[in-house]
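Worksheet: the structure to be examined is printed underneath.
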Ligand SMILES: C[S@@+](CC[C@H](N)C(=O)[O-])C[C@H]1O[C@@H](n2cnc3c(N)ncnc32)[C@H](O)[C@@H]1O
């Protein structure tokens, strides 16, 4: 469960899981640079807020920032007081994931705050990696710059001086995924 405030970089369509499963969350920030994603994101944010109201729970405010997370982190709103940062399928697409994670650590999370991610990651087998390398040009072109072979877990672990870093799960298959939690000291 997430506590009081959460910054999410996930697509807010998935934000409903935070709304349903985390009744104490009262503020969510979504940063999205792609203008074509914004209408869907804003509609999902409004649905999440309405769902909370209808359920009679704590008021929920979802702020949709049009721009990169890095741009949002440069504003005063990134108060260093957020309890959690949830990243779902975004670090594959940002220009410099380690820089973004370091900024989230330094500028958004409070001490003891948690960064949690679920991302698709580089495969372990050499053949699989070669297939991904061949697919990458077209994949990136049609996937808004998405990178298939990032070592996201180690990128996050080494991006900041975390108090702890815990792998939550690693899934194989055609597109391997990993999830982990890092806690700020
Ligand atoms: C692979 S898509 C996934 C979208 C969404 N998380 C989902 O699961 O449907 C990657 C998303 O990351 C966004 N993105 C890329 N760079 C970003 C950045 N610097 N800050 C915030 N979002 C970014 C893209 O615009 C895109 O919406």
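So, in nm, how far is label residue 99 from label residue 63 when the simple model puts each one 7 Å beyond its Cα toward the Cβ?
Between residue 99 and residue 63, the simple spin-label model gives 2.3 nm.
According to the square roots a ≥ b ≥ c of the eigenvalues of the Cα gyration tensor, what is the shape class of the range 13-98, taking rounded for a/c under 1.5, prolate for a/b larger than b/c otherwise, and oblate for the remainder?
Because a/c hits 1.5 or more and a/b exceeds b/c, the range 13-98 counts as prolate.
Can you compute the FRET efficiency between residue 35 and residue 79 using 1/(1 + (r/R0)^6), with r the Cβ-Cβ distance and R0 = 35 Å? Round to the nearest 0.05.
0.85
Could you please state, rounded to a whole Å, how far the C-alpha centre of the range 111-145 is from the C-alpha centre of the range 33-57?
Measuring centre to centre over Cα atoms gives 27 Å.
Can you compute the helix-only [θ] at 222 nm over the chain? Use -39500 (n - 2.57) per DSSP H run of at least 4 residues, normalise by all residues, nearest 500 deg cm²/dmol.
Dividing the helical sum by the residues of the chain leaves -10000 deg cm²/dmol.
How far apart, in nm, are the 7 Å Cα→Cβ label points at residue 110 and residue 130?
Between residue 110 and residue 130, the simple spin-label model gives 5.2 nm.
To make sure I understand, if each residue's beta carbon is the centre and we count other beta carbons within 10 Å, what order do 132, 117, 142 fall in, fewest to most?
Listed from fewest to most nearby Cβ atoms, that is 142, 132, 117.
In which sequence would 164, 154 go, from the one with the fewest C-beta neighbours within 10 Å to the one with the most?
164, 154
So what is the relative contact order of the chain, in percent, for Cα pairs below 8 Å that sit 6 or more residues apart?
20
Fewest first, what order do 139, 72, 162, 169 take by the number of other Cβ atoms within 10 Å?
Sorted ascending by nearby Cβ count, the order is 169, 139, 162, 72.
Which of rounded, prolate, oblate describes the chain, given a ≥ b ≥ c as roots of the alpha-carbon gyration tensor eigenvalues and a/c under 1.5 marking rounded, otherwise prolate only if a/b is larger than b/c?
It is prolate, given that a/c is not under 1.5 and a/b is the larger ratio.
Regarding the range 95-181, what are the three Cα extents along the principal axes, ordered largest first, in Å?
42, 24, 16
Angle, helix 126-142 long axis vs. longest principal axis of the chain, Cα atoms, 0 to 90°, nearest 10?
60
What shape does the range 119-159 have by the C-alpha gyration tensor, where a ≥ b ≥ c are the square roots of the eigenvalues, rounded means a/c under 1.5, and otherwise prolate means a/b greater than b/c and oblate the rest?
Verdict is oblate for the range 119-159.
Read-outs throughout are calculated quantities, based only on the coordinates presented, and are distinct from any laboratory measurement. Keep in mind the model is a prediction, meaning the values are calculated, not measured. When we count neighbours, we look across all protein chains shown, and the Cβ atoms used for this are built from the backbone with ideal geometry, even at glycine.
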